[in-house]
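Values quoted throughout were computed directly from the atomic coordinates according to the rules given, and no laboratory measurement underlies them. Just so it is clear, the model here is predicted, and its values are computed rather than measured. Here the Cβ positions follow ideal geometry from the backbone for every residue, glycine too, while neighbour counts run over all protein chains shown.
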């Protein structure tokens, strides 16, 4: 069964559009029955691009976002892969082929889900379980990876500012912007690589 309003079958991609053909004036007695007056349009799924099924997109974004918690352990690339995974899951769920902009939106949604969940657990860990020292050490490692001297006075001041509640909020905001942008890029790339079925 296919829900009303769905343009394509989510399993076989057969179009669900019917066209009523007006009967001819001089129709023979043995002509087609009224049931045959409805003609199914040939498959046009490969020609239709960009239509976004919001329910499938939300489901794909949530699934990819949850899996993205594990994938995101790979710095930067994991977030891009999370966005790409959302587009692949959307396609597998019968959502069809998306345009690059629609694919980037699905990827960005998956990045948002992944970021929201990981940020929630991080804030709970810092505030409730008093893991400020671990957070401080993590910032020190990030500073070292960028070639900064963590013992320098400017870097020490920046690290101290980032461990305050306001600094944590700013850090989360910038992390959110970067993470969603990377996931959107991953979604757009996956959308451009996935070709319609013949």
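Fewest neighbouring Cβ atoms within 10 Å first, the residues 103, 118 line up as 118, 103.
Measuring between their Cα centroids, the range 143-185 and the range 48-85 lie 25 Å from each other. Sorted on the mean count of surrounding Cβ atoms within 10 Å across their residues, most packed first, peptides 10-16, 124-130 read 10-16, 124-130.
Please work out whether the range 54-193 counts as rounded, prolate or oblate from its C-alpha gyration tensor, where a ≥ b ≥ c are the square roots of the eigenvalues and a/c under 1.5 means rounded, while otherwise a/b larger than b/c means prolate and anything else oblate?
On the way: a/c = 3.06, a/b = 2.17, b/c = 1.41.
The shape class here is prolate.
What order, most packed first, do the peptides 134-146, 168-180 have when packing is the mean number of other Cβ atoms within 10 Å of each residue? Mind showing how you got there, number by number?
Working: 134-146: 13.5, 168-180: 15.2.
Descending mean neighbour count gives 168-180, 134-146.
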